[in-house]
Amino acid sequence: MLLAAVILALTVLAAGGPASSAADAPEAAPGFPWTWPVPGPRAVAEPFRAPAHAYGPGHRGMDVRAVTGAAVRSPAAGVVAFRGVVVDRPLLTIDHGAGYVTTLEPVASDLAPGTAVEAGEAVGVLVTGGHADPGTLHVGLRVDGAYVNPAPLFGAVPRAVLLPCCGTVP
């Protein structure tokens, strides 16, 4: 077992290191930086949590705060790949090309698969259903079939600025 792990590590090193992922180079994504999918502040209610393995527990996307009934926008240009209900949630899947596919849920939409959409274009409205709490939109991202954290594709988070408070310092 230890020998197999050492051989694997040496193989990865000989190949120049592990393959890069979307999280390593978000600027490689089509249309980077992506458009925030809902109006209002960029508030993440539930962040992405990678599973330990393909079938392990985790949170394969991020849930962002939004008002139920708000317009949901395409984060980048693409083509609607799927629209429908899966289990108990309406969702919309957009193929952005180069292996990047987003899933937005719960979203009611009248767009048909094959419809081209532009970045920032309204693609549906936020409804309720599925695992996401009411008032949140789940944004999932797969790159070449593997789930990755979508947050870095939406650009840098603005730096916090500390402001003076409450009077002078002695």
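The values are calculated or read from the model by the stated rules, or taken from the named source; none is laboratory data. Predicted model, so just to flag it, every value in this text is computed and none were measured. Glycine also receives a Cβ, built like all others from the backbone with ideal geometry; neighbour counts cover every protein chain displayed. Surface areas here come from the heavy atoms of the whole protein model, side chains and all, with no ligands, DNA or RNA. Shrake-Rupley method; radii C 1.70, N 1.55, O 1.52, S 1.80 Å.
Considering segment 37-84, the residues that are among the β-branched types (Val, Ile, Thr) and in contact with a Gly (Cβ under 8 Å, 6 or more places away or on another chain) include one that is nearest to Ala151 (Cα to Cα), namely Val72. Across segment 78-133, the number of residues qualifying as in a loop (DSSP other than H, G, I, E, B) and basic (Lys, Arg) comes to 0.
Just one residue in the set Asp110, Asp95 is among the acidic types (Asp, Glu) and under 30 Å from His53 (Cα atoms); that residue is Asp95. Note on segment 38-51: residues that are in a loop (DSSP other than H, G, I, E, B) and open to solvent by 100 Å² or more (accessible area, probe 1.4 Å) total 2.
Being under 16 Å from the mean Cα position of the chain (by Cα) and under 13 Å from Val107 (Cα atoms) is the filter; apply it to segment 65-79 and report the residue that is surrounded by the most Cβ atoms within 10 Å (Cβ to Cβ).
Just the residues of segment 65-79 that are under 16 Å from the mean Cα position of the chain (by Cα), to begin with: 65-66, 72-78.
Retained after the next criterion (residues that are under 13 Å from Val107 (Cα atoms)): 66, 72-74.
Details: Ala66: 22, Val72: 24, Arg73: 20, Ser74: 26.
Once the filter is applied, the top-ranked residue is Ser74.
Out of Val148, Val139, one residue alone is farther than 18 Å from Leu91 by Cα and either under 17 Å from the mean Cα position of the chain (by Cα) or crowded, with 19+ Cβ neighbours inside 10 Å (or both). It is Val148.
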